[in-house]
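Have a look at the structure below before the remarks.
The values are calculated or read from the model by the stated rules, or taken from the named source; none is laboratory data. Computed from a predicted structure; not experimentally measured. Cβ: placed from backbone, ideal geometry, glycine included. Neighbour counts: every protein chain shown. Please note that ligands, DNA and RNA were not included when accessible areas were found on the heavy atoms of the full protein model with its side chains. Shrake-Rupley method; radii C 1.70, N 1.55, O 1.52, S 1.80 Å.
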Amino acid sequence: MLKGKKILIGVCGSIAAYKTATLIRLLVKQQAEVQVIITDAAADFISPLTLATLSKKPVLKHYTANSETGEWNNHVALGLWADLMLIAPATAHTLAKMASGLCDNLLMAAYLSARCPVAVAPAMDLDMWHHPATQRNISRLQADGCYVIPPGEGELASGLSGKGRMAEPEQIAQWLSLFFTASNWLKGKNVLLTAGPTIEPIDPVRYITNHSTGKMGYALAQAFADAGASVRLISGPVSLQLLHPLVQITPVHTARQMHQAVMERLSQADIIVHCAAVADYAPAQIAPQKIKKQEERLTLDLVKNPDIAAEAGQRLQWHQVHAGFALETDHEEANAHQKMLRKNFDLIVLNSLNQKGAGFGHDTNRVTLLFRDGKREDLPLLPKNEVARIIVQHLTQLLQTKSHVV
Ligand code: PMT
């Protein structure tokens, strides 16, 4: 997938720089052309000779290549040469410089000159990563069009454990392959998608939730991104990971948080899909302390959560495609049909808990697609990623139809 791709890699001063050596090896093995720029601090962590040997090109560090002859490294040409610029590891300091447009070394000059897409793979200690200043810089860079390959969780060089480790070289290489292979059907289109369960706290240690694992929703996010769409995935708590250049995940816990995250982004979406299993009710009060075991019976007072899909359906603009899921145990088609009308869906995907291998948790699903115009399609039991691919095809067609009817 990376054959012939020109990748400009910036390496900053972090212990994670040792992983960049493996990354370069993986990319060169896939026949990508790699040019490395390092900062002064990076050279303290990894030898330029190692990176030059692996990339098969001299490593660039300063503006001047040879001060005696006046030979210089042309940062503008580097920015034009690359199909993609990747800064890995990207330190908190370099992210801050990128966010404010500072230009104090060759790497920053190449970044500011780059006309190609730019991605960063941050690496730092967990408190640095969670610091509001770093998060502000990350948001700023995303708003500037930079892709962020999120750091992973685990043991850190400080001995602490948490989020901040640079993504593994294999994950970054796969991210790059996905970046270059995304098809173009939905290029430039924005998809807003919900996935997973919501959890509704009862007290500081307990909550109400359901069995959704997020597998169906994450498969959809992947399928939309593979079709070239920019996906905003509003995800309830799940143990899945999705590293895709076109997918940005907003994690939420409760239905109210999911509602807010969806409403904030609704107007910019071309396709909206509600795959999350949203709790219909939440405790009226969250007990501030753990509820003690005293009485024989305990009654929870619940209040209705906002119906996210119904509200989105009311606010829908003519060009937007709106779809949802129905998980039913009885009167399946009739209930799904009513939901489609009530929530103003163009398509509802019906999955039943009565079908083996369908619904929560499985890697497979068996669904019936019910369309607003009365059409239906019964799919056999399929892997969730295949179901997702078929749903994306249908939604793409619906989007095309809507944009032709002006
Ligand atoms: O996550 P997995 O383990 O892979 O399982 C996948 C799934 C079974 C969760 C998924 O395929 C699915 O069916 N999701 C929707 C489940 C559901 O909550 O259905 P519902 O019939 O209660 O809701 C109908 C639609 O309204 C859904 O699109 C739902 O997201 C939406 N809704 C519901 C309630 C609410 N308050 N707000 C909503 O937006």
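Quick notes on this structure:
- DSSP beta bridges fully contained in the stretch 1-90 are about 15 percent antiparallel.
- The H on the amide N of I202, modeled in the peptide plane, is under 5 Å from the matching H of Y207, I208, each at least 5 residues off or on a different chain.
- Folded to 0 to 90 degrees: helix 255-265 orientation relative to the chain principal axis, Cα: 60 degrees
- Share antiparallel - DSSP beta bridges, the stretch 9-168, percent rounded to 5: 35 percent
- Applied to the stretch 163-177, the Karplus parametrisation 6.51 cos²θ - 1.76 cosθ + 1.60 on θ = phi - 60° returns per-residue 3J(HN,Hα) values of 7, x, 5, 4, 3, 5, x, 5, 5, 5, 4, 5, 4, 5, 4 Hz, with x for Gly and Pro.
- Rounded, prolate or oblate (a/c below 1.5 giving rounded, otherwise prolate when a/b exceeds b/c) for the stretch 259-347 by Cα gyration tensor: oblate
- Heavy-atom accessible area per residue - the chain, 1.4 Å, Å²: 50 Å²
- Atom-type composition of the exposed protein surface of the chain places 51 percent of the accessible area on carbon and sulfur (1.4 angstrom probe).
- Based on DSSP H segments of at least four residues, each scored -39500 (n - 2.57), the chain has a per-residue ellipticity at 222 nm of -10500 deg cm²/dmol.
- Of all DSSP beta bridges in the chain, antiparallel share, percent nearest 5: 35 percent
- Whether the stretch 184-403 is rounded, prolate or oblate, judged on the alpha carbon gyration tensor where a/c under 1.5 counts as rounded: prolate
- In this simple spin-label model, placing a label point 7 Å from the Cα along the Cα-to-Cβ direction at both D301 and N354 gives a separation of 3.8 nm.
- Between 0 and 90 degrees, the angle of helix 384-404 with respect to the longest Cα principal axis of the chain falls at about 90 degrees.
- Residues with amide H under 5 Å from that of V252, placed H, sequence gap 5 or more: S235, G236
- Residue-count net charge about P306 - beta-carbon cut-off 11 Å; Lys, Arg +1, Asp, Glu -1: -1
- Net charge, Y63 excluded, C-beta distance under 14 Å - Lys, Arg +1, Asp, Glu -1: -2
- Proximal charge balance of D125 [Cβ under 13 Å; K/R count +1, D/E count -1]: -1
- Centroid-to-centroid separation of the stretch 368-406 and the stretch 241-306 [C-alpha atoms, Å]: 27 Å
- Taking amide H as placed 1.01 Å from N in the peptide plane, the amide H of K189 sits under 5 Å from that of S230, each at least 5 places away or on another chain.
- Between the beta carbons of S100 and H62, assuming R0 = 25 Å, the FRET efficiency works out to 0.70 to the nearest 0.05.
- ³J(HN,Hα) computed for each position of the stretch 75-87 - Karplus, 6.51 cos²θ - 1.76 cosθ + 1.60, integer Hz, glycine/proline x: 5, 5, 5, 4, x, 7, 5, 6, 7, 7, 10, 10, 9
- Cα gyration tensor category, rounded, prolate or oblate, for the stretch 244-300 with a/c compared to 1.5: prolate
- Note, ³J(HN,Hα) from phi for the stretch 19-30, Karplus 6.51, -1.76, 1.60, rounded to Hz, x at Gly and Pro: 6, 5, 4, 5, 4, 4, 4, 4, 5, 5, 4, 8
- Taking packing as the residue-averaged number of other Cβ atoms within 10 angstrom, the listed peptides 254-261, 69-76, 395-402, 321-328 run from highest to lowest as 321-328, 254-261, 395-402, 69-76.
- By the Cα gyration tensor, the chain has an equivalent ellipsoid whose semi-axes, rounded to whole angstrom, run 44, 26, 18 from largest to smallest.
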